[in-house]
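In what follows, a structure is listed as structure tokens, so that the remarks can point back to it.
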Amino acid sequence: MIKAAKYLFVARTSLTGKLVYFWDLLGRSVFFLLVLLIFDQLWRASLPGSSIDFSRTQLIWYLVMTEIITLSTPGGYTLGVDEDIKSGNIAYLLNRTCNYPLFMLGRYWGVSLASMLINLGLGCCAALIMVGPPTLVPASLPLLVLTLILAVTLKFFLTLLISLTAFWVEESRPFHWIYSKLIFTVGGLFVPLEFFPDWLQDLARILPFNLTVYAPARLLVDWDPQFFGAVILRQILWLGAVALLAQYIFRQGVIKLNVHGG
Amino acid sequence: MSTAGKYLSLFFTNMRLNIASAMEYRFSFWSQVLFMILNDALLLFFWWVFFANFHAVRGWEFSHILLLYALSCGSYGLACTFAGNSLRLGEIIAKGELDFYLLLPVDPLFNLLTARMEVHALGDLVFALILAPLTLGWNPPGLAMFLVMLICGGLVLTGFWTMVGCLSFFWGHNQGFASVVQEAVVMFAMYPDHIFTGIVRSLLFTIIPAGFVTYLPVSLLRDFSWLKLAVLLAVALGFTLAARGLFALGARKYESGNLMVTRL
């Protein structure tokens, strides 16, 4: 309990620190609005007369959810792990009485929450103006939040795994680019997996990336209790596996860091 | 040596130093270039999925999107390879790091812009040069026109980014705003113009000049007209001159940060 409180405190400090720059965060969210604007225009131009199962309202709200997750959470270098390793700053952080990956998770959640609140407000306002409200099942909201929390946490550990490669390679940035593109493609960032050919859908559903963006967004626009059950189970399993792997790789990396003299 | 020769020599010296500096970390250099090519190829995934569900959108087919991507990636690659500091100009001004360039006996804006190369942008450029023959076919006049379009697009982007960066002379720190505007022009340039209507479409040919980076060049490559070419060349020249004018105006307001800067 005391241990959890420690990391919650890190999250709270990061959240407060981030909210100090409220206007800067708001300014950065303009990018989110531009994405929504482009896709609103694209769906207006292409959906009429097509046989797609999704309405424009569903596709815009789907995008609101996926973009809130991807734009609000630090990805790649912005997570700070790569820089800590390359600059040697990690040597100072290791001396603290906390687990470094969990310390970073606390910081990640604090930073993400600040951006998520702003993006949520802006995204909802923009989507309401563009297409009106989504068809929501009120009772599903707490469960949706749970899926969202697991999705964001899973995304952190996947990013951390890539960042930890900085212990072995001099430039980890390219791996982050590829990861972001996996989220973009088989993660279903812009369109639901149902748009994909069958063979690609099957492949995408096996991989964990769709659990970070597609799954919560799909549940938002088309609530299905059975699908929710399958999603939550897979999220928990993947999260456990990736978190354990990250801890293991981190320990191996620290040994490597010691070999080089720190 | 003539002025043109002097600046050509400065340009090649800066490029040589940029490449030598980047090649110091060979794995980093090659991984950034190769992964950026892969990154760009994966960006086409969305359109591949899109056109598997929709045959065309207002006359645009997948082949047109390939041309659009070749132009947008190529123009971006060209601007960031040969004028890598254009995206960082605002930061350089706000931090007071301009002194180094102002003290040298060459044009400060030219030297500043060419003094940095974004290594990953070489990947964008290579991707564009691979994609162009695939979309246009082995057609030397068409490919030559494509290169002209790339240079025009690169000049428009460099000029636009420079002007946005110059706003730091007047506003101080504006990185948040600048990065949004700089990204917006590239983002809009990667979607077909026909999906945009009304005021948004007008903005793309004025405040956010994505129209001159890809839409007009695509239109020219699909249906050549001397008038369109003249307009594009005039716009590229206009953005270059406007950027120079704004920089000169802003430099008068520049206050040194008395910062000791070492260029390594």
Review point. Could you name the aspartates and glutamates in cross-link range of B:K228, using Cα to Cα under 17 Å and dropping any fewer than eight places away on the same chain?
Key: B:D193
Check your understanding: In the full protein assembly as shown, how much of B:M23 is accessible to a 1.4 Å probe, in Å² to the nearest 10?
Key -> 40 Å²
Review point. Considering only DSSP states other than H, G, I, E and B, which trypsin sites (Lys or Arg not before Pro) in region B:1-101 qualify as loop sites with at most 13 other Cβ atoms within 10 Å?
Key: B:R58
**Study point:** Accessible area in the full protein assembly, largest first, 1.4 Å probe, for A:I60, B:I199, A:I162
**Key:** B:I199, A:I162, A:I60
Practice item. Report, in degrees rounded to the nearest 10, the 0 to 90 angle that the Cα long axis of helix B:62-82 makes with the longest principal axis of chain B. Key: 10 degrees
Point to revise | Residue-averaged beta-carbon neighbours from other chains (10 angstrom radius) around A:49-56 | key: 1
**Study point:** Sequence ranges A:104-115, B:130-141, A:132-143, ranked by mean other-Cβ count within 10 angstrom, highest first
**Key:** A:104-115, B:130-141, A:132-143
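Using packing as a proxy for protection, rank A:68-81, B:96-109 so that the peptide with the highest average count of other Cβ atoms within 10 Å comes first.
A:68-81, B:96-109
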Exercise for review: Compute the accessible area of each residue in region B:5-43 twice, once for its chain alone and once with every protein chain present, using a 1.4 Å probe on heavy atoms, and list those whose area falls by at least 40 Å².
Suggested key: B:F27, B:Q32, B:F35, B:N39, B:L42
Check your understanding: Placing +1 at every Lys and Arg Cβ and -1 at every Asp and Glu Cβ, with all other atoms neutral, what dipole size does the protein assembly as shown have around its Cα centre, in debye to the nearest 20?
Key -> 840 debye
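In debye to the nearest 20, how big a dipole does region A:2-259 give about its Cα centre with +1 on each Lys and Arg Cβ and -1 on each Asp and Glu Cβ?
Its charge dipole is roughly 780 debye.
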**Study point:** Accessible surface of the protein assembly as shown, 1.4 Å probe, proportion on carbon and sulfur as whole %
**Key:** 68 percent
Revision key, fill the gap. CD proxy, 222 nm, chain A: helix-only mean residue ellipticity via -39,500 (n - 2.57) per DSSP H run with n ≥ 4, per residue, nearest 500, stands at -24000 deg cm²/dmol
Revision key, fill the gap. Output field shielding_mean for B:48-55 (other chain Cβ, 10 Å radius) holds 5
Check your understanding: Averaged over A:173-183, how many beta carbons belonging to a partner chain fall within 10 Å of each residue's beta carbon?
Key -> 4
**Study point:** Normalised contact order of chain B, rounded percent, pairs of Cα under 8 Å and 6 or more residues apart
**Key:** 26 percent
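Of B:C152, A:C124, which has the most accessible area with a 1.4 Å probe, and how do the rest follow in descending order? Before the final figure, lay out each step's value.
Details: B:C152 5, A:C124 40 Å².
The ranking, largest first, comes out as A:C124, B:C152.
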Exercise for review: Can you sort B:K228, B:K253 by 1.4 Å-probe accessible area, starting with the largest?
Suggested key: B:K253, B:K228
Review point. Between A:L144, A:V81, A:A217, whose Cα lies farthest towards the positive end of the dipole of region A:2-259 when Lys and Arg beta carbons carry +1 and Asp and Glu beta carbons carry -1, centred on the Cα centre?
Key: A:V81
Point to revise | Backbone HN-Hα couplings from phi across region A:179-192 [Karplus 6.51/-1.76/1.60, Hz, Gly and Pro as x] | key: 4, 5, 6, 5, 5, 5, 8, 6, x, x, 5, 9, 10, x
Point to revise | In region A:151-225, GluC sites (Glu not before Pro) in a DSSP loop with at most 11 other beta-carbon atoms within 10 Å | key: A:E170
Exercise for review: For A:K155, go through the lysines and keep the ones whose alpha-carbon is under 24 Å away, minus same-chain ones fewer than eight residues off.
Suggested key: A:K3, A:K6, A:K18, A:K86, A:K181
Study note, to complete from the structure: Ignoring ligands and nucleic acids, chains A and B bury, in total, an accessible area (1.4 Å probe) to the nearest 100 Å² of about 3200 Å²
Point to revise | the protein assembly as shown shape via C-alpha gyration tensor axes, a/c threshold 1.5 | key: oblate
Review point. What is the Cα centroid distance between region A:79-158 and region B:206-258, reported in whole angstrom?
Key: 39 Å
Exercise for review: Would you mind working out the magnitude of the charge dipole of chain B relative to its Cα centre, with +1 at each Lys and Arg C-beta and -1 at each Asp and Glu C-beta, to the nearest 20 Debye?
Suggested key: 340 debye
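The values are calculated or read from the model by the stated rules, or taken from the named source; none is laboratory data. The structure presented is a predicted model; accordingly, all values stated were derived computationally and were not measured. No Cβ is skipped: glycine too gets one built from the backbone with ideal geometry, and neighbour counts run over all protein chains shown. Remember, those area values only see protein heavy atoms, side chains included, never the ligands or the DNA or RNA. Shrake-Rupley method; radii C 1.70, N 1.55, O 1.52, S 1.80 Å.
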